[in-house]
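Notes follow the structure.
The values are calculated or read from the model by the stated rules, or taken from the named source; none is laboratory data. Owing to the predicted nature of the structure, the values given are computational and were not obtained by experimental measurement. Heads up, the Cβs are rebuilt from the backbone with ideal geometry, glycines too, and the neighbour counts pull from every protein chain shown. These area figures cover heavy atoms from the full protein model, side chains too; ligands, DNA and RNA do not enter into them. Shrake-Rupley method; radii C 1.70, N 1.55, O 1.52, S 1.80 Å.
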Amino acid sequence: MKTQNIPKSACLAAAIVTLACAGSVNANTITAVIGGQAQSGATYQNFDSLTPGQSGAFPLGSVSVILNPNAVVVQNSPSPSPANPYVSGNNNVNFGAAYSGGDHTPYLTAGDTGHNGSITFNFATAANYFGLLWGSVDAQNTLNFYSGPNGGGTLVATVTGSNIAGINPTIIQTGYGDSFDPWGTAYVNIDTTAAFESVVATSALYTFEIDNVAYQNVGGVPDGGTTVGLLGIGLAGLVSLRRLFARA
């Protein structure tokens, strides 16, 4: 692997994705920032109280987490996949002691859909903001937002790794060999115009790593029956979240 020198200031620029919302004058928005942080005033949840290797259901305050096989709690993974998310800049603000480098605390991996792997986040109160430290951004990664618990009710929004990366395929991970590339991690903030009670994370590959989740109801929620269509993607200040690297 050969790398390309990237100015630090460029790596901190934000990629903004706009999801057009059918039947609404507002738009759902995503900000994805290398070295970025969760929105202020949210409820913050790390997974430090969980034990590596755990699956099943875990109540964590106002959110419960369900890890379906083969989703699991991971810490300091010795193999390329699932690789530790990379903590940089302000990624860890509000979640514990500040540091930079590979995430050394417990985090979650969604497993893979071939083995029915998924992570479900159920919220005690409906929310319309969700933030996460998203490791190894990958086209196979998917977040689905639902108006009801346990992935029920109306599908409010779908966000994929490809949405985060935009139309540039060199940004995202394409295989296990580049799993240790630290620029595959970004803090992603997602605001929806319709409320959701659950978020389900899945991946076709065993590469979707999640830590440092934030959530809140930011007010002004319209009809929960509104369905989001991915009608257009706008990118401002797009910086490579996955690679910006020339691969040999």
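Numbers for the structure displayed
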| quantity | calculated |
| --- | --- |
| So residue 218, is it among the β-branched types (Val, Ile, Thr), at pLDDT below 90 and surrounded by fewer than 16 Cβ atoms within 10 Å (Cβ to Cβ) | yes |
| Residue within the stretch 60-73 that is of a type outside the set (A, V, I, L, M), modelled with pLDDT of 90 or more, in contact with a helix residue (DSSP H, G or I) (Cβ under 8 Å, 6 or more places away or on another chain) and open to solvent by less than 20 Å² (accessible area, probe 1.4 Å) present | no |
| Counted residues, the stretch 52-78 - those being in a strand (DSSP E or B) and among the small types (Gly, Ala, Ser) | 3 |
| In the stretch 74-91, the residues that are open to solvent by less than 40 Å² (accessible area, probe 1.4 Å) and over 27 Å from residue 197 (Cβ atoms) | 77, 81, 83, 87, 88 |
| Filter result for the condition that a residue is modelled with pLDDT under 95 and touching a strand residue (DSSP E or B) at 6+ places or on another chain (Cβ under 9 Å), over 148, 166 | 166 |
| Residue 203 vs. criteria open to solvent by less than 30 Å² (accessible area, probe 1.4 Å), in contact with a helix residue (DSSP H, G or I) (Cβ under 8 Å, 6 or more places away or on another chain), of a type in the set (Ser, Thr, Tyr) and at pLDDT 90 or above | yes |
| Within the stretch 79-88, considering residues that are more than 19 Å from residue 190 (Cβ to Cβ) and in a loop (DSSP other than H, G, I, E, B), the one farthest from the chain's Cα centre (by Cα) | 79 |
| Unmet criterion (only one of (1) open to solvent by 20 Å² or more (accessible area, probe 1.4 Å); (2) over 20 Å from residue 185 (Cβ atoms); (3) at pLDDT 95 or above) for residue 115 | (3) |
